[in-house]
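Report on the following structure.
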Amino acid sequence: MGRRRSAFGSDSSDLSDPNAERRRPPTFDTLPRFGYTHTAFCSRTAVRSPAMFDSLASKLQDVFQRLRGKGTLRESDVAEALREIRLALLEADVNFRVVKDLCARIRERAVGHEILESLTPGQQVVGIVHEELCAVLGGDADTRLQFAPQPPTVIMAVGLQGSGKTTFSAKLGALLRRQGRRALIAACDIYRPAAIKQLQVIGEQVQVPVFTLGDRQDVVDIARAALAAATSEGRDTVIVDTAGRLHVDEEMMAEVERLEAALQPQEVLLVLDAMTGQDAVNVATRFTERLGVSGFVLTKMDGDTRGGAAISIRAVAGKPIKFVGVGEKPEALEPFQPERMANRILGMGDVLSLVEKAQGLIDEKQARELEKKIRANQFDLDDFLSQLQQVRKMGPLEDLLGALPFFGKGAPKPEVDEGELNRFQAIIQSMTRAERQEPAVINGSRRRRIARGSGTSVQDVNRLLSQFAQMRKMFHEINEVQAGRKRLPMGRMPFMR
């Protein structure tokens with residue numbers, strides 16, 4: 001079996017070793033511009049990884065760790081590993097037929113002469129699990145939105161009440177706006193109290209206009225009027241937020257069928273609550289029987305979900321997952337990538353998604369200027385505050401760290417204290433410009449003044465200044481290494497207690 005390339009560019013042997021990245025000497029080219037300083041200041045010792053697939057990922061990684069520890073593999077070892085994988089998937093609420101088929105395919109490929117007698121049998125079995133999991137999640141399925149050759153493109157969001165259709169419609173509008181498209185959201189939920197007002201408020205927040213005719217018009221008339229308005233205003237996408245019910249009923253299905261027939265949408269996206277597990281798969285089956293559903297959206301993936309719906313739904317319903325919601329903020333909507341999701345489940349990280357998120361939120365010009373200042377040993381607290389504010393736009397730091405492969409199973413994970421970040425921000429904002437540019441001038445009386453102004457303690461101020469001094473020293477040492485004047489001292493990274 002050949003060496004495989006992962007989604008983030010390393011081969012399968014790198015994926016087996018969570019410490020592989022650590023052994024490479026860090027440089028300014030390999031340190032993430034958008035998050036290193038932020039990570040350093042809030043790091044402590046081990047804490048749980050992000051909630052998404054947390055339990056499943058931990059169990060699977062335990063199995064893989066035992067496999068990798070064996071010099072040779074017998075057929076009984078593979079059978080025992082498959083039994084544990086089967087139990088882990090069933091406990092994660094994966095459909096039992098999907099689990100049965102997946103384990104059968106893994107066994108068929110893993111119990112072979114060339115696998116069991118290879119030099120790295122454990123790693124090759126892990127590679128097979130990764131490939132088969134990718135296939136179950138969607139494989140090579142096209143998860144991109146389909147746009148009309150002649151605008152406007154019509155995208156219908158359908159689903160049960162409470163699944164997150166309204167929030168998703170606004171998030172999708174914001175995502176399209178960041179991609180340079182001009183979207184319009186049609187408010188076609190005329191039944192739920194304050195649904196239209198909610199959509200208008202969220203639409204204003206994400207700077208996407210909302211079209212409404214109130215709650216006394218027929219939904220088909222509202223949708224058609226929204227299409228006409230989009231055409232006259234030069235908007236290229238219409239997102240139709242439809243009404244839901246507490247459960248699938250004939251009245252709701254008949255209404256969305258009328259909308260689909262009248263609008264002929266390019267996309268019908270079924271929005272599902274990932275926390276409902278196999279119920280979400282059952283709802284998906286019911287909707288796909290009546291509508292031309294083109295894909296699924298799984299919301300609340302940042303919650304306490306076991307992940308069964310994400311793994312089952314493609315195999316059961318036959319349609320791809322196109323988006324996952326990973327938070328409440330407008331930018332917390334991610335295009336679904338099967339291989340990247342498999343990487344997360346197997347503890348291999350998801351660096352590509354992290355980089356793409358950073359590219360959309362981080363100012364590249366500011367990043368280049370910051371790099372120049374670091375190289376010139378001129379990094380100050382103003383720069384740190386700017387970086388802190390930019391990185392916090394990307395979501396909880398705990399989620400960002402979970403996307404890095406070297407925080408996999410067995411590697412120490414920094415503990416994230418968001419309250420500490422708030423205190424640091426308040427402390428820096430209580431300083432004068434001169435103090436931010438040269439912290440060495442901050443004596444005892446100034447520290448007391450800063451502590452009073454920021455509502456913190458002198459100990460908090462001292463801790464910030466001490467850690468900032470360590471950071472400056474480390475940046476200076478990296479500069480020296482890159483200039484060839486010294487070797488980088490190996491050992492614990494600063495701020496990792």
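Structure data summary
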{"quantity": "So V271, is it in the same structural domain as G159 (by TED's automatic domain parsing), in a helix (DSSP H, G or I) and either among the aliphatic types (A, V, I, L, M) or closer than 23 Å to M341 by Cα (or both)", "calculated": "no"}
{"quantity": "Scope region 456-482; condition touching a residue at least 24 places away in the same chain (Cβ under 8 Å) and over 18 Å from L381 (Cβ atoms); matching residues", "calculated": "I478, N479, V481, Q482"}
{"quantity": "Matching option when the condition is surrounded by fewer than 21 Cβ atoms within 10 Å (Cβ to Cβ) and either without any contact (Cβ under 8 Å) to a residue 60 or more places away in the chain or within 20 Å of V94 (Cβ to Cβ) (or both), among R314, R290", "calculated": "R290"}
{"quantity": "Flag for V220 being touching a helix residue (DSSP H, G or I) at 6+ places or on another chain (Cβ under 9 Å), within 26 Å of F147 (Cβ to Cβ), surrounded by fewer than 20 Cβ atoms within 10 Å (Cβ to Cβ) and at pLDDT 90 or above", "calculated": "yes"}
{"quantity": "Selection from region 324-348 of residues that are under 9 Å from the mean Cα position of the chain (by Cα) and of a type in the set (V, I, T)", "calculated": "V324, V326"}
{"quantity": "G244 without any contact (Cβ under 8 Å) to a residue 40 or more places away in the chain, in a loop (DSSP other than H, G, I, E, B) and either crowded, with 24+ Cβ neighbours inside 10 Å or more than 18 Å from the chain's Cα centre (by Cα) (or both)", "calculated": "no"}
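Yes or no, residue by residue, for (1) among the hydrophobic types (A, V, I, L, M, F, W, C); (2) in contact (Cβ under 8 Å) with a residue 24 or more places away in the chain; (3) closer than 24 Å to A223 by Cα; (4) touching a Pro at 6+ places or on another chain (Cβ under 9 Å):
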| site | (1), (2), (3), (4) |
| --- | --- |
| K100 | no, no, no, no |
| L145 | yes, yes, yes, yes |
| Q150 | no, no, yes, no |
| T153 | no, yes, yes, yes |
| G159 | no, yes, yes, no |
| L172 | yes, yes, yes, no |
| R177 | no, yes, yes, no |
| A187 | yes, yes, yes, no |
| I190 | yes, yes, yes, no |
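The values are calculated or read from the model by the stated rules, or taken from the named source; none is laboratory data. Model, not experiment: these values are computed from the prediction. Methodologically, a virtual Cβ is constructed for each residue, glycine included, from the backbone with ideal geometry; neighbour enumeration extends over all protein chains shown.
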